[in-house]
1. So which of E15, E53, E82 is modelled with pLDDT under 90, within 26 Å of L221 (Cα to Cα) and of a type outside the set (A, V, I, L, M, F, W, C)?
2. Evaluate the stretch 343-350: report whether one residue or more is hydroxyl-bearing (S, T, Y) and farther than 21 Å from Y285 by Cβ.
3. So, of the residues in the stretch 382-405 that are touching a residue at least 24 places away in the same chain (Cβ under 8 Å) and open to solvent by 50 Å² or more (accessible area, probe 1.4 Å), which turns out to be nearest to the chain's Cα centre (by Cα)?
4. Here's a check for you: in the stretch 268-287, which residue that is assigned to a loop (DSSP other than H, G, I, E, B) and in contact with a Lys or Arg (Cβ under 8 Å, 6 or more places away or on another chain) is surrounded by the most Cβ atoms within 10 Å (Cβ to Cβ)?
5. Would you check which residues across the stretch 246-266 are part of a helix (DSSP H, G or I), open to solvent by 30 Å² or more (accessible area, probe 1.4 Å) and touching a residue at least 60 places away in the same chain (Cβ under 8 Å) and list them?
6. Please tell me if Q302 is of a type outside the set (A, V, I, L, M), closer than 18 Å to A342 by Cβ and open to solvent by 30 Å² or more (accessible area, probe 1.4 Å).
7. Take A359 and tell me if it is outside any strand (DSSP E or B) and open to solvent by 40 Å² or more (accessible area, probe 1.4 Å).
8. For the stretch 411-458, give me each residue that is in contact with a Phe, Trp or Tyr (Cβ under 6 Å, 6 or more places away or on another chain) and basic (K, R).
Amino acid sequence: MPINILMPALSPTMEKGNLAKWLKKEGDKVKSGDVIAEIETDKATMEVEAVDEGTIAKIVVPEGTQDVPVNDVIAVLAGDGEDVKAAGAATPKPPSKVDGKAAEKAAEKPAEATQSAAAPAPAPAAAPAAKPAPAPAPQAAAGPAPQANGHGRIFSSPLARRLAKEAGIELGRIAGTGPHGRVIARDVEEAKSGKGLKAPAAAPVAPALAPSMSDQQIRALFEEGSYEVVPHDGMRRTIAQRLTASVQNVPHFYLTIDCDIGKLLVAREEINKQAPTDKDKKPLYKLSVNDFVIKAMAVALQKIPNCNVSWTEGGMLKHKHSDVGVAVAMPGGLITPIIRKAETKTLSAISGEMKDFAARARARKLKPEEYQGGTTAVSNLGMYGINHFTAVINPPHATILAVGTSEERPVVRGGKIEIAHMMSVTLSCDHRAIDGALGAELIGAFKMLVENPVMMMV
């Protein structure tokens with residue numbers, strides 16, 4: 001049976017390497033320990049030794065090829081007594097790297113799609129002494145859905161990939177109609193109008209995104225026994241999956257503004273003084289600065305409705321109400337319960353909901369409908385003394401407001417230096433849905449409201 005020689009991992013962090021030179025040619029016999037090739041990494045040029053004996057039946061990756069992924073087949077070895085020609089013919093040739101639109105069109109042809117759809121599962125490789133883990137075997141294509149090729153890649157033509165990238169559409173969401181479920185150009189054109197698009201997976205069951213380094217690679221960088229492994233729970237895994245996907249797929253931009261909240265602090269004090277009490281003479285509510293922030297963000301979205309949106313591949317969702325998620329810290333992570341229709345609620349109602357949500361969130365008793373969805377979010381680290389930070393958007397939101405601490409700062413008014421209670425806020429925006437000028441309108445509307453809290457009631 002032919003033996004696939006794989007691109008070896010020559011360091012814990014190596015993901016790709018350059019095949020600098022072949023020291024053996026097709027037809028040469030090799031034995032265990034023979035140096036067969038030179039591989040360039042980002043740090044050094046290293047020699048690759050054969051592990052098995054046999055004859056080089058096929059060189060799949062020619063010397064001089066750059067950025068060859070670890071575990072890709074680079075050559076095929078025929079075992080003793082095996083037909084060398086048959087072993088070489090059993091492995092498909094790598095796709096030709098021909099530039100130009102004609103080549104992209106040619107890649108749409110069924111013959112090429114069939115050729116790339118089913119490579120044999122790699123057998124034990126002739127690799128360096130420290131063998132890399134073998135690549136997973138490709139799955140057989142079944143139906144029109146796009147199929148992976150064993151390295152997490154979706155079968156697609158070069159033209160389709162380029163068109164999808166230009167349109168900002170994930171290939172994994174496009175239903176392929178080409179041979180073996182391959183995504184081709186016409187599928188991308190259909191997807192632009194919202195046809196043939198698969199819904200994104202729900203957050204709790206979203207597949208984990210591959211880390212840049214494997215667990216084994218990371219642990220190899222530290223002395224054995226110098227650390228303990230704390231297994232991830234479901235919440236930490238979900239946070240990691242959603243926020244990694246957000247950073248990778250959502251083009252963020254940030255807008256920061258300083259707000260004078262002197263009037264807000266005065267209003268808060270007066271409202272809290274006038275709060276009704278229960279039979280034990282305890283106030284029924286006690287407003288926080290964050291309650292004003294939630295209300296101001298909700299009203300600001302109503303004033304700038306083109307920011308109260310969610311991006312989808314088929315079209316923009318323009319929301320009628322401001323459903324504001326509020327980040328709540330809890331043991332092992334955070335969660336974002338949502339104040340629904342916040343623009344319609346009083347400050348005392350918002351305060352009461354938030355106290356209830358926070359208590360049940362820390363006890364892990366929130367219902368899914370209480371933290372899923374929403375149209376924006378607020379993350380406040382002011383209570384920790386943080387005066388400025390940026391927050392990661394939590395899809396399907398198009399914005400998130402990062403709120404810093406309230407502090408006395410010197411400001412210039414009418415040519416004189418005065419002391420004012422200032423609060424810095426930073427708005428993160430999804431640039432697919434909101435452009436810079438539009439985002440500036442939203443944060444400007446928020447500033448006007450928190451600096452003049454009576455306007456929240458209008």
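1. After applying the criteria, what remains is E15.
2. no
3. V392
4. It comes out as L287.
5. Selection gives V247, N249, K263, L265.
6. Yes.
7. Spelling it out, A359 is indeed outside any strand (DSSP E or B) and open to solvent by 40 Å² or more (accessible area, probe 1.4 Å).
8. R432
The values are calculated or read from the model by the stated rules, or taken from the named source; none is laboratory data. No experiment lies behind these values; they were computed from the predicted model shown. FYI the Cβ positions are ideal-geometry reconstructions off the backbone, even for glycines, and counts take in every protein chain you see. The accessibility values were calculated without ligands, DNA or RNA, using every heavy atom of the protein model including side chains. Shrake-Rupley method; radii C 1.70, N 1.55, O 1.52, S 1.80 Å.
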